[in-house]
Amino acid sequence: MFARGETILQLMEKLAPKHYAVPDDKIGLQVGSAAKEMRRVLVTLDVTPAVVEEAAELGAELIIAHHAVIYRPLAHLRTDTPAGALAADLLRKDIAVYISHTNLDTTEGGVNDWMAEALELTGRDVLEEVHTDQLYKLVVFVPESHHKRVRDAIFAAGGGWIGNYSHCSFNIEGTGTFLPREGSEPFLGKQGELTEAKEIRLETIVPLSVRKKVVSAMLKAHPYEEVAYDLYSIDLKGRSFGLGRVGKLKETESLDQFAERVKKAFDVPFVRMVGDGSKPIRKVAVLGGSGARYIRHAIFAGADVLVTGDIDFHSAQDALAAGMSIIDPGHHAEKIMKPNLANWLAEQLKEKGYATEVFASRIDTEPFQLR
């Protein structure tokens, strides 16, 4: 059995929810239809004519890309322009394109975490906060016989987290009353008779990102026909999601040594470096893509060096004057997302029993060449 496109996109939005993206980012399904079975999926950084041809040769019906195939508004769709010709080729070959960009950068276990892991950074934190998970308090009244079952279902669905502590709840014994009316099928008591039941008032924390999942799991595990529960927002900060990561190397090394680490980690032939090669490096900020505007964030975070792409001349001068070292491996270093995302999606599909195959593109979409 092959997964339908909608199922695959749901999995993608499980990993990288759309609301994690920065405002006005061009994400989601951009070309084609997801309303069909997908036998093969191709994961790529960019969608180019060569990548489209690769997808066609693989028999892939869906391309998942990091960079948008339609980024700027199209005034027309002419096939004698590069953008129009690319769109026409995708439509002719019936290949859909789905974009996961800054939402994949921002999410836990996404591009910036993959880059930080490649550099072996520990104790990671977010460089710039983009989204904070709103917290809710869930209160549900459960008969004693099903208390553990309902509580475990809530925890398994993602409820009960406070910081680095999981399975957090508060439980109070009490007496519930209800009178089953005509047409009801009560778990306890009889129609027309006032019932008193020993119940547990179960309270826990639920983040917005898993609220629907937790409530659904709670209702499914609860034995009552009509479940008495409350869900209300609270003025407490949940987990933060954002662009870039800040962490530490296991041991201090020189900027020159660290530059070699970056080249190896991101499989690039060279890097551009700002700063004294003998400078000791321990705390590192890393951000995929274009990161010149995040230099001040790295300084504020106390980083010794910022690893990011597309650094311009004046930004490099400003960083040097401020004492911030920079390693620029290029924007294309984000290609690290191809094998990581392909492996994640393949595992998710396999767990659900789908035969859909996922491939990481082998096409090098780096536009720059060294001479």
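Only one residue in Val111, Val126, Val139, Val150 is among the aliphatic types (A, V, I, L, M), surrounded by fewer than 20 Cβ atoms within 10 Å (Cβ to Cβ) and either without any contact (Cβ under 8 Å) to a residue 60 or more places away in the chain or closer than 30 Å to Pro17 by Cβ (or both). Which one? None of the others qualify; the one that does is Val139. Right, Val246: assigned to a helix (DSSP H, G or I), on the phi < 0 side of the Ramachandran plot and surrounded by 20 or more Cβ atoms within 10 Å (Cβ to Cβ) or not? No: the conditions fail for Val246. Of all residues in segment 102-152, those satisfying the criterion of being touching a strand residue (DSSP E or B) at 6+ places or on another chain (Cβ under 6 Å), farther than 19 Å from Met12 by Cβ and hydroxyl-bearing (Ser, Thr, Tyr) are Thr122, Thr132, Tyr136. Of all the criteria given as (1) more than 30 Å from Gly158 (Cα to Cα); (2) in a helix (DSSP H, G or I); (3) of a type outside the set (Gly, Ala, Ser), the one not satisfied by Ile311 is (2). For segment 170-209, the set of residues classified as surrounded by fewer than 17 Cβ atoms within 10 Å (Cβ to Cβ), touching a residue at least 12 places away in the same chain (Cβ under 8 Å) and farther than 17 Å from Pro143 by Cβ consists of Phe170, Gly192, Leu208, listed by residue number.
Looking across segment 282-300, the residues that are in a strand (DSSP E or B) and over 23 Å from Ser254 (Cβ atoms) come down to Gly288, Gly289, Ser290. Out of Ile326, Ile336, which single residue is under 14 Å from Leu306 (Cα atoms) and either touching a residue at least 60 places away in the same chain (Cβ under 8 Å) or outside any loop (DSSP other than H, G, I, E, B) (or both)? After ruling out the rest, the residue left standing is Ile326.
Of the strands (runs of 3 or more DSSP E) that lie entirely inside segment 109-216, those containing 2 or more residues that are aromatic (Phe, Trp, Tyr) span 122-143, 170-178.
FYI, it's all coordinate maths here, none of it is from the lab. This one's a predicted model, so the numbers in the text were calculated from it and none came from an experiment. Using ideal geometry, Cβ is built from the backbone for each residue, glycine included, and neighbour counts are taken over all protein chains shown.
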